[in-house]
Amino acid sequence: MTRSIALTDVEQFFDENEIIVSKTDLKGRITYCNDVFRRIAGYDEQECLGQPHSLIRHPDMPRCVFWLLWETVQDGREIFAYVVNRCKNGDHYWVNAHVTPSRDKSGKIIGYHSNRRVPDRKILEDKIMPLYKELLAEEARHSNRKSGLQASIKSVTSLLSEKNMEYDEFVATL
């Protein structure tokens, strides 16, 4: 579902005691979303179920971070990442996401589960926002989306290689 929504530049917030929860199938289609998810994003349950999780994708979110996220969870590992999401009305909200594979009784991955909490504002403003701005600029420097994605992946993997850590380890050390 592709949506053209004018961005409002208005940030929405949720309480530090709340957790935004969603589950998806293997293709990233929403199979569950809690009331906090729906309230913050501005959707009702029927608008969400069966839709791609990218329904809430904000254009200021670097594509390479989603690439890292998907590579990690499809490999069966969990990941922590700061994410900016878009609300139905064009507002946005930041989260610190913990994404894990969901498994059946035999251990086979059958989907993905994400819990999102209020992010640390200082880390967000001092570290994440500047990093994401750089990654987005790298993506935009290229003539097509694929080249831009490859270049930003190279940028972020170089950063992680210098620090000798995975992305979620990097996030945890900020």
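The values are calculated or read from the model by the stated rules, or taken from the named source; none is laboratory data. Small disclaimer: the values here were computed from a predicted structure and weren't measured. Cβ: placed from backbone, ideal geometry, glycine included. Neighbour counts: every protein chain shown.
A few remarks follow.
- Residue satisfying all of: in the stretch 91-114; in contact with a Lys or Arg (Cβ under 8 Å, 6 or more places away or on another chain) and small (Gly, Ala, Ser); surrounded by the most Cβ atoms within 10 Å (Cβ to Cβ) among these: SER114
- Given (1) of a type in the set (Lys, Arg); (2) at pLDDT 95 or above; (3) within 23 Å of TYR132 (Cβ to Cβ); (4) over 14 Å from the mean Cα position of the chain (by Cα), index of the condition ARG3 fails: (2)
- The sole residue among LEU149, LEU131, LEU136, LEU69 that is aliphatic (A, V, I, L, M), closer than 21 Å to VAL36 by Cβ and within 17 Å of the chain's Cα centre (by Cα) is LEU69.
- LEU159 being among the aliphatic types (A, V, I, L, M) and touching a Phe, Trp or Tyr at 6+ places or on another chain (Cβ under 9 Å): yes
- The residue pairs whose first member lies in the stretch 50-64 and is of a type in the set (Val, Ile, Thr), whose second member is crowded, with 16+ Cβ neighbours inside 10 Å, and whose beta carbons are closer than 8 Å, counting only pairs six or more residues apart or on different chains, are ILE56/ALA41; ILE56/ASN85; ILE56/ARG86; ILE56/CYS87.
- Number of residues in the stretch 96-119 that are touching a Pro at 6+ places or on another chain (Cβ under 6 Å) and either of a type in the set (S, T, N, Q) or within 17 Å of LEU131 (Cβ to Cβ) (or both): the value is 1.
- Single unsatisfied condition, SER143 versus (1) in a helix (DSSP H, G or I); (2) modelled with pLDDT under 95: (1)
- A Cβ distance below 7 Å, combined with a sequence gap of six or more or placement on separate chains, defines the contacts here; from the stretch 150-161, residues that are in contact (Cβ under 8 Å) with a residue 60 or more places away in the chain reach residues that are of a type in the set (Lys, Arg) and in a helix (DSSP H, G or I) in the pairs SER152/ARG63.
- Criterion applied to LYS163, LYS122, LYS105 was being under 21 Å from ASP25 (Cα atoms) and over 12 Å from the mean Cα position of the chain (by Cα), and the one residue passing it is LYS105.
- Condition check for LEU69 on (1) within 15 Å of SER114 (Cα to Cα); (2) at pLDDT 95 or above; (3) of a type in the set (A, V, I, L, M, F, W, C): one failure, at (2).
- Given (1) over 13 Å from SER114 (Cβ atoms); (2) touching a His at 6+ places or on another chain (Cβ under 8 Å); (3) not charged (D, E, K, R), index of the condition PRO59 fails: (2)
- Among (1) within 29 Å of ARG38 (Cβ to Cβ); (2) out of contact with any Cys (no Cβ under 7 Å at 6 or more places or on another chain); (3) of a type outside the set (Asp, Glu); (4) touching a residue at least 24 places away in the same chain (Cβ under 8 Å) - the single one HIS98 does not satisfy: (4)
- Residue, nearest to ASP120 (Cα to Cα), within the stretch 1-43, restricted to residues that are polar (S, T, N, Q) and touching a Cys at 6+ places or on another chain (Cβ under 8 Å): GLN12
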